[in-house]
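Readers should treat all values here as calculations from the given coordinates under stated rules, not as data from a laboratory. These figures come from a predicted structure and were not determined experimentally. Cβ placement follows ideal geometry from the backbone for every residue including glycine, while neighbour counts extend to all protein chains displayed.
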Amino acid sequence: MLRGRMLGKKIEVFLYRRGFTDAPLRRVMLVQILLTLVSLVPALALLWRTNWFLMFFAGAALFTFNFWFMCQFIFRYFSGSYSRELLLGQAARFVLRLLLTGLVLVAILLKGESPVAFLAGLTCCVALITVLTVLNHLENKRS
């Protein structure tokens, strides 16, 4: 248990140094990264038997990757300290990442290798963000 908290604290410090200065968003990203890492354990342990968990991990990892860069783009956009050219470059990279994500998504879905598990990994991440956002809102309402 103590190691898990230490890992969470290390990831949180890592996120803060990478520009995730907003505490609620940093918490969402932390939980998202931990969920992705935890889903890797059964994926590797049961790879010889089924690839369902591996596809779940792939969906979670793909979502985490895109969410990371989307958050960084939003932080830079709203900070106001960047030039228009830099923001256009960031937007272009974001669109290219989304295009790459779409190609990966189509390839996995067309290949037929546990597409339900892959989509479950993507959906689990969206549900996690929704739950954490609601909890954060309720916590702020109390105080």
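Taking 0.36 nm per residue of sequence separation and subtracting the Cα-Cα distance, how much length would be gained by fully extending the chain between M6 and T101, in nm to one decimal? Working shown, then result.
Numbers: separation 95, 0.36 × 95 = 34.20 nm, distance 3.17 nm.
Roughly 31.0 nm would be gained on extension.
Sorted by mean Cβ packing within 10 Å, highest first, what order do the peptides 9-21, 117-129 take?
Working: 9-21: 13.7, 117-129: 17.8.
Ranking the peptides 9-21, 117-129 by packing returns 117-129, 9-21.
Structural descriptor for region 2-142: relative contact order 29 percent, calculated from alpha carbon pairs under 8 angstrom and at least 6 residues apart.
Span-like helices, the chain: DSSP H, alpha-carbon axial extent 30 Å or more, mean Kyte-Doolittle 0.0 or greater, which ones?
Those that clear 30 Å and a mean of 0.0 are 23-45, 52-79, 84-111, 115-142.
Positive contributions from Lys and Arg (+1) and negative ones from Asp and Glu (-1), summed over other residues with Cβ under 14 Å from the Cβ of Y16, come out at +4.
Report the net charge of residues surrounding C71, where surrounding means a beta-carbon distance below 13 angstrom and charges are Lys +1, Arg +1, Asp -1, Glu -1. Kindly include the intermediate steps, with their values, before the conclusion.
On the way: positive: R18, R26, R27, R76, R97; negative: D22.
Surrounding charge for C71 is +4.
How charged is the neighbourhood of L119? Take every other residue with its Cβ under 15 Å from the Cβ of L119, and add Lys/Arg as +1 and Asp/Glu as -1.
Working: positive: K111; negative: E113.
Summing Lys/Arg as +1 and Asp/Glu as -1 gives 0.
Peptides 69-76, 101-108, 24-31 ranked from most to least packed, by the mean per-residue count of other Cβ atoms within 10 Å: 24-31, 69-76, 101-108.
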